[in-house]
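Please treat every number below as a calculation from the coordinates, not as lab data. In this text the structure is predicted, and so the values were computed from the model without any measurement. Cβ atoms come from the backbone with ideal geometry, glycine included; neighbour counts cover every protein chain shown.
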Amino acid sequence: MEKRVVLLIVCIAGLVCVLSLYFWAAFVGFFGERRVLRVMSGSMTPALNVTDMILVQPVSSVSAISVGYETGDIICFSKPGNPTELIVHRAVERVGNGLITKGDRNSSPDYWTVTDEQLVGRVVEVNSLPLVILTTSLLWSVISIALVFAIIVLSASILSRRERIPASEG
């Protein structure tokens, strides 16, 4: 393989790595440890609707409920008895070291008390995320398409140059 081709491949690979790191850093910088979730039920209507995107700020301390959470906060927590299922409801009452929750659309509070161990975090953003995610995805798609196009054009250019160079007779 020619030095030029190897150099081209190394440059393109380096560019792809740099762009990937840039977008990863931008994504992590924006979201940090926060979690992006999609609302799956109507229990929080009208505050949260089905398919809304929410950003959840994680618990910052072991005793988060007693220190940083108040009634009225919309919180995300693991469902008691099923830790893999997440629920997003409003904290309506503080009971000891726990919170009683209720979906805004539900007629009565939940039958459980959310403890520090179940608490995932507080909802800090609603519906501003789709635009950010869409913009980032679109930008990444455009850059990816441009990168693929550049690779094709450069590869074709190198291949056409190789074909035009006459073989030296010896």
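If I stretch the segment between Val126 and Leu86 completely, what's the gain in nm (0.36 nm per residue apart, minus their alpha carbon distance), one decimal? It would help to have the intermediate numbers written out before the result.
Working: separation 40, 0.36 × 40 = 14.40 nm, distance 1.66 nm.
12.7 nm is the gain from fully extending Val126 to Leu86.
What number do you get for the stretch 35-127 when its Cα radius of gyration is normalised by 2.2 N^0.38 Å, N = residues? Mind showing how you got there, number by number?
Details: Rg = 12.0 Å, N = 93, 2.2 N^0.38 = 12.3 Å.
Working it through for the stretch 35-127, the quotient is 0.97.
Between Ser107 and Arg35, the C-beta separation translates, for a Förster distance of 25 Å, into a calculated FRET efficiency of about 0.30.
Run the numbers for Ala13 and Ser155: contour at 0.36 nm per residue of separation, minus the present Cα-Cα distance, in nm. Walk me through the intermediate numbers first.
Details: separation 142, 0.36 × 142 = 51.12 nm, distance 1.35 nm.
So the extension gain works out to 49.8 nm.
Taken about its Cα centre, the stretch 35-127 carries a charge dipole of roughly 120 debye when the Cβ of each Lys and Arg holds +1 and the Cβ of each Asp and Glu holds -1.
Considering only Ser78, Asn97, Met44, and ranking their Cα positions along the charge dipole of the stretch 35-127 that arises from unit charges at the beta-carbon of Lys, Arg, Asp and Glu, the one farthest toward the positive end is Met44.
Give the calculated FRET efficiency between Thr51 and Asn97 to the nearest 0.05, with a Förster radius of 30 Å applied to their Cβ-Cβ distance. Present the calculation step by step, with values, prior to reporting the outcome.
Values: r = 34 Å, r/R0 = 1.13.
FRET efficiency, Thr51 to Asn97: 0.35.
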